[in-house]
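Undergrad: Would you mind keeping the following structure in view while I ask a few things?
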Amino acid sequence: MAMCVEDRISSFPDHILCHILSFLPIEEAVRTSIISTKWRYLFASISTIKFDGYLISGLTERNLDSFKNFVDRLLKFPDQVSLDCFRLNDIISWNDEDHNFDVSDWICAALCRGVKEIDLDLENLGDILPALLFTCHSLVTLKLVAVDSEIKVPSDVCLGNLKTLQLINSEFVGDSIHRLISNCHVLEDLAFINCDFEYLREEVNIQSPSLKRLVLVFDLVEFENIDYVVVINAPNLVYFQYTDTVVKGYTLTNMKCLEKAHINIWESDSIDCETSATHLIQGLRNVRSLSLTPDEAIFLTNRLPIFHNLIEFEYDSHGFDGIETWLVEFLHCAPNLETLTLNFPDVAGTRRKALPIEVPSCLSFHLKEIEISCFETHIIEMVSYFLDNAMVLENLIIRMKGMTVTQKTKVINQLLQLLKSSKKCLIVIL
């Protein structure tokens, strides 16, 4: 005998059903319209609309117009709720010559519905962005991926409620960056990833009293113009990530609230890298957790500030002459350091230098944990130095990668011999 299954989901209020549909791909949400009369138009009231390029991969010329009309009706349906998110992701299909969708009109329709988040990943994006996008007061999150396309920022830009701005593979000219950021009065999260600043006049100027998180990541290989200055004034910044070749200069001010910073920086032969990079690190003097990845000893230790707040330090170097000596000299600038993570692989031709006699105060009074994330035999002298001088060390964590069983056994025996001078330290080998 056939069993009768009660449809409990359909008894939910419409707003709950629409919320459920918003988690489905748009084509799946549309298919629910055949369930019953109640479901017929529910998909038109979802608050999240996401289109990916694969949706049109199988369209023929015959049903292409039908698809365009469907999107128009979906975005412009009468009496619709405001949109939480409008996402259009694909690098070619949406605005190429074969399809020629009116993407700009779709964006305007989403903006007119009070959309809170817009996420666009399109070829030639800078040519189709409507001016209305830069004066929309409902926008809270804006993410733009514009490969080799200039983002044209209008003079009347005003994004009064924007909190998150992410720009990827975009080009900027003149003072467009400063004009954009200065008119986002509550901006908290800002990211420039692989953007082209080659045509800027003199500087990358980021000044925002509300900014809490800043990410600047650039291609370390394909760089041409580095003859500009990075200016950052963000008194409430908590997190800072920076990846780039050293540029002409850095002016970092008012970073009193900085909790964590990730710095991955490479030298350049065309400028005074040591002076410029040292100015960068001086601006981070209040940071509590610092991850540093240089390709050379480009930070002059005799010009470094004292990092009174620094309690976590991760050092990931590509290897250079005297790296151990540089590290110990840096530790003198971090008197309250508690956790140290190291990763500097052995590089052929790298010369070692004698370690300084004077022991950093953090080793004597505060350093509790050391982790060596890629242990190699050349670092055993450094380990011995730490075990001899880190008086309150509790944990030494060693990760061995790519070693044979014989090599691991030899290293473990060496470590056990060293442990005699620091009996209270726990050595963990992974």
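The values are calculated or read from the model by the stated rules, or taken from the named source; none is laboratory data. This one's a predicted model, so the numbers in the text were calculated from it and none came from an experiment. Positions of Cβ are generated from backbone atoms using ideal geometry, with glycine treated the same way; all protein chains shown enter the neighbour counts. With ligands, DNA and RNA removed, areas are computed over all heavy atoms of the protein, side chains included. Shrake-Rupley method; radii C 1.70, N 1.55, O 1.52, S 1.80 Å.
Undergrad: Is segment 252-344 best put as rounded, prolate or oblate by its Cα gyration tensor, with a ≥ b ≥ c the root eigenvalues, rounded for a/c under 1.5, and otherwise prolate when a/b is larger than b/c, oblate when not?
TA: Oblate.
Undergrad: Related question: Over the heavy atoms of Ile306, what accessible area does a 1.4 Å probe trace out, to the nearest 10 Å²?
TA: About 80 Å², ignoring ligands and nucleic acids.
Undergrad: Moving to a separate point now. Per residue, how much space in cubic angstrom lies within the convex hull of the C-alpha atoms of segment 211-299?
TA: 81
Undergrad: A follow-up question, please. Just in segment 363-415: which trypsin sites (Lys or Arg not before Pro) are loop by DSSP and have at most 13 other Cβ atoms within 10 Å?
TA: Lys401
Undergrad: Contour minus end-to-end for Glu274 and Gln414, with contour as 0.36 nm per residue of separation and end-to-end as the Cα-Cα distance?
TA: Length gained between Glu274 and Gln414: 46.7 nm.
Undergrad: A further question on this structure: In what order, largest first, do Arg62, Arg113, Arg303 sit by accessible area if the probe radius is 1.4 Å?
TA: Arg62, Arg303, Arg113
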